[in-house]
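These notes are about the structure you will find just below.
The values are calculated or read from the model by the stated rules, or taken from the named source; none is laboratory data. Because the structure is predicted, anything quoted here is derived from the model rather than measured. Counting neighbours? That spans all protein chains shown, and the Cβs are built from the backbone with ideal geometry, glycine included.
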Amino acid sequence: MNSIAFQDLRESDKRYLPEIEEAVVGVLRTGRYLNGEQTAAFEQELGELLEAGEAVACSNGLDALRLILESYIALGRLQRGDEVIVPANTFVATLLSVSHSGLTPVVAEPSESDFNLDLSRLPIGKKTRGIIPVHLYGTPCWDREKMEEARRRGLIVIEDNAQAIGARAREEGFNGTDKTGSLGDASAISFYPAKNIGAAGDAGAVATSDPELARMVRKLRNYGSEKKYEHEYLGHNCRMDEIQAAVLRVKLRHLDEETEARRRRARQYDREITNPLIRKPEIRDDALQVWHQYVVRTPERDRLRAYLKEAGIGTEIHYPIPVHKQKCYAGGGGNLKLGAGPACPVAEKLAREILSLPIANATESEIEYITSVINRFS
Ligand SMILES: *Cc1c(COP(=O)(O)O)cnc(C)c1O
């Protein structure tokens, strides 16, 4: 067996290349590179897919989160200094969006069972005004009961849907859908190339059923302006390129088959890994997981990773350092607060034990090889 890369973007895009080429050349022929037909059509299609009232295309996932938070501030629904709960085991962008907006990220523990925010012990305090659940690795994380509590307490819920496009939760939320990205008040998505749907560069989007919020996001995305050369807010330039929108429209058409392939690979890993030293992720039958990552656990993680590398198998760790241990946040940088006490033992333990196996484009026979190697690990 040749070596197996953790992920190969060229391989993922190969089958769609003729369609992507046509889409890109189509944009070049129009000479319209921003704020055009492609972006408008993409927003319409993404909004329908997420069953959200509205989608607003933007520059990347971090900017999507920031545009949401800054919009809430501009609308007077969040104030600088307010506290927002975030998981300790997310990608740093989730927290950066909070810090950049002058808000205070309060770090919470994940649950050992599904790696997602532990909803049974959210550190909701007197100054908490928002929660950002992250549907980590493509597993939905949020429920109706928590949303009811959030509404009762006047908390804003922003889903970080960067890893979970197309996923469905256990039950319908307040917006009458079980699609992640439409379970809270607003959501952010990333089309970073390695995500389940990736652009040919950076791209992201906001989704919300709140028209007032969507309108403010549109203004802040475009220099704080709705009317050319009239600037109401200290806005940004966070637009999506027409070329990216055109590429993403092609890929959105293939989302279901991509998701099904990831689910098939996850089921194969689940069937074929039998080594008792390896703890497999839970496959839920009451929700639709989209397997952005397939993450196994073992206290012998570093040894397993080296052993797989020796056998030519690429792996990754998502993420090796919990956010509160990052240099930029250590010692209370970025306004960070620990919600669970002086440490996050669960997140810290997970960071030592988790390992992501190839899922983006591994073939059936590659997974057979990977699992046979894993089963011989001792
Ligand atoms: C990728 C990612 C982001 C940031 O998206 P970018 O498009 O890279 O800015 C935010 N949150 C999570 C959970 C992510 O995985």
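Only residues that are more than 14 Å from residue 187 (Cα to Cα) and touching a residue at least 60 places away in the same chain (Cβ under 8 Å): list them for the stretch 68-80, please. Working first, answer last.
As a first pass, look at the stretch 68-80 and keep what is more than 14 Å from residue 187 (Cα to Cα): 73-80.
74, 75, 77, 78 - these are the residues of the stretch 68-80 that are more than 14 Å from residue 187 (Cα to Cα) and touching a residue at least 60 places away in the same chain (Cβ under 8 Å).
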Of the conditions (1) among the hydroxyl-bearing types (Ser, Thr, Tyr); (2) assigned to a helix (DSSP H, G or I); (3) modelled with pLDDT under 95, the single one that residue 113 does not satisfy is (2)
Could you check residue 105 against (1) of a type outside the set (A, V, I, L, M, F, W, C); (2) within 16 Å of the ligand (Cβ to nearest atom); (3) within 14 Å of residue 158 (Cβ to Cβ); (4) part of a helix (DSSP H, G or I) and say which number it fails?
(4)
Scope the stretch 15-37; condition at pLDDT 95 or above and among the basic types (Lys, Arg); matching residues
29, 32
Among (1) exposed (fewer than 15 other Cβ atoms within 10 Å of the Cβ); (2) in contact with a Cys (Cβ under 9 Å, 6 or more places away or on another chain); (3) of a type outside the set (A, V, I, L, M), where does residue 231 come up short?
(2)
Specify which of the listed residues (186, 203, 199, 207) is touching a Leu at 6+ places or on another chain (Cβ under 7 Å), within 16 Å of the ligand (Cβ to nearest atom) and farther than 26 Å from residue 294 by Cβ.
186
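When you look at residue 97, is it assigned to a loop (DSSP other than H, G, I, E, B) and hydroxyl-bearing (Ser, Thr, Tyr), yes or no? Break it down stepwise before answering.
On the way: assigned to a loop (DSSP other than H, G, I, E, B): no; hydroxyl-bearing (Ser, Thr, Tyr): yes.
The answer is no for residue 97.
On the given criteria, is residue 65 touching a residue at least 40 places away in the same chain (Cβ under 8 Å), closer than 16 Å to residue 157 by Cα and more than 12 Å from the ligand (Cβ to nearest atom)?
Values: touching a residue at least 40 places away in the same chain (Cβ under 8 Å): yes; closer than 16 Å to residue 157 by Cα: yes; more than 12 Å from the ligand (Cβ to nearest atom): no.
When the stated conditions are applied, residue 65 does not pass them.
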Determine whether the stretch 29-43 contains at least one residue that is in contact with a His (Cβ under 7 Å, 6 or more places away or on another chain), of a type in the set (Lys, Arg) and either surrounded by fewer than 21 Cβ atoms within 10 Å (Cβ to Cβ) or at negative phi (or both).
no
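Filter the stretch 166-176 down to the residues that are part of a loop (DSSP other than H, G, I, E, B) and either among the small types (Gly, Ala, Ser) or modelled with pLDDT of 95 or more (or both), then identify the one that is farthest from the ligand (Cβ to nearest atom). Reasoning before the result, please.
Here is the first cut: in the stretch 166-176, the ones part of a loop (DSSP other than H, G, I, E, B) are 166-167, 169-176.
Among the residues that remain, those that are also either among the small types (Gly, Ala, Ser) or modelled with pLDDT of 95 or more (or both) are: 166-167, 169, 173, 176.
Working: 166: 15, 167: 13, 169: 17, 173: 19, 176: 25 Å.
Step by step, filter the stretch 166-176, then rank; the result is 176.
Does residue 309 qualify as being assigned to a helix (DSSP H, G or I), in contact with a Ser or Thr (Cβ under 8 Å, 6 or more places away or on another chain) and of a type in the set (Lys, Arg)? So that I can check it myself, show each step before the final result.
Numbers: assigned to a helix (DSSP H, G or I): yes; in contact with a Ser or Thr (Cβ under 8 Å, 6 or more places away or on another chain): yes; of a type in the set (Lys, Arg): yes.
In short, yes.
Counting only residues that are in a loop (DSSP other than H, G, I, E, B) and buried (at least 20 other Cβ atoms within 10 Å of the Cβ), how many does the stretch 122-147 have? Outline the logic, then answer.
Step one: of the stretch 122-147, the residues in a loop (DSSP other than H, G, I, E, B) are 122-127, 132-133, 135, 139-143.
Going one step further and asking which of them are buried (at least 20 other Cβ atoms within 10 Å of the Cβ), we end up with 122, 132-133, 135, 139-142.
Of the residues in the stretch 122-147, 8 are in a loop (DSSP other than H, G, I, E, B) and buried (at least 20 other Cβ atoms within 10 Å of the Cβ).
Does residue 99 fit the bill of being within 16 Å of the ligand (Cβ to nearest atom) and surrounded by fewer than 23 Cβ atoms within 10 Å (Cβ to Cβ)? I'd like the intermediate steps shown before the answer.
Values: within 16 Å of the ligand (Cβ to nearest atom): yes; surrounded by fewer than 23 Cβ atoms within 10 Å (Cβ to Cβ): yes.
When the stated conditions are applied, residue 99 passes them.
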Cβ pairs under 9 Å, 6+ apart or interchain, first in the stretch 151-176 and of a type in the set (Lys, Arg), second in a strand (DSSP E or B), ordered by first then second residue, are 151/157; 153/128; 168/179; 168/288
When you scan the stretch 177-197, do you find a residue that is part of a loop (DSSP other than H, G, I, E, B), surrounded by fewer than 20 Cβ atoms within 10 Å (Cβ to Cβ), in contact (Cβ under 8 Å) with a residue 60 or more places away in the chain and over 18 Å from the mean Cα position of the chain (by Cα), even just one?
yes
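Give 282, 368 a once-over and let me know the one that is part of a loop (DSSP other than H, G, I, E, B) and loosely packed, with under 15 Cβ neighbours inside 10 Å.
Working: 368 fails: part of a loop (DSSP other than H, G, I, E, B).
Unique residue meeting the criteria: 282.
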Looking at (1) under 17 Å from residue 7 (Cβ atoms); (2) of a type in the set (A, V, I, L, M, F, W, C); (3) under 23 Å from the mean Cα position of the chain (by Cα), find the lone condition where residue 283 falls short.
(1)
Return yes when residue 263 is within 24 Å of residue 12 (Cα to Cα), surrounded by fewer than 20 Cβ atoms within 10 Å (Cβ to Cβ), at pLDDT 95 or above and not small (Gly, Ala, Ser) and no when it is not.
yes
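How many of the residues making up the stretch 301-318 are crowded, with 16+ Cβ neighbours inside 10 Å and in contact (Cβ under 8 Å) with a residue 60 or more places away in the chain? Steps first, please.
Looking only at the stretch 301-318, we keep the residues that are crowded, with 16+ Cβ neighbours inside 10 Å, and these are 301, 304-305, 307-308, 311, 313-318.
From what's left, in contact (Cβ under 8 Å) with a residue 60 or more places away in the chain: 304, 307-308, 311, 313-316, 318.
Of the residues in that region, 9 qualify.
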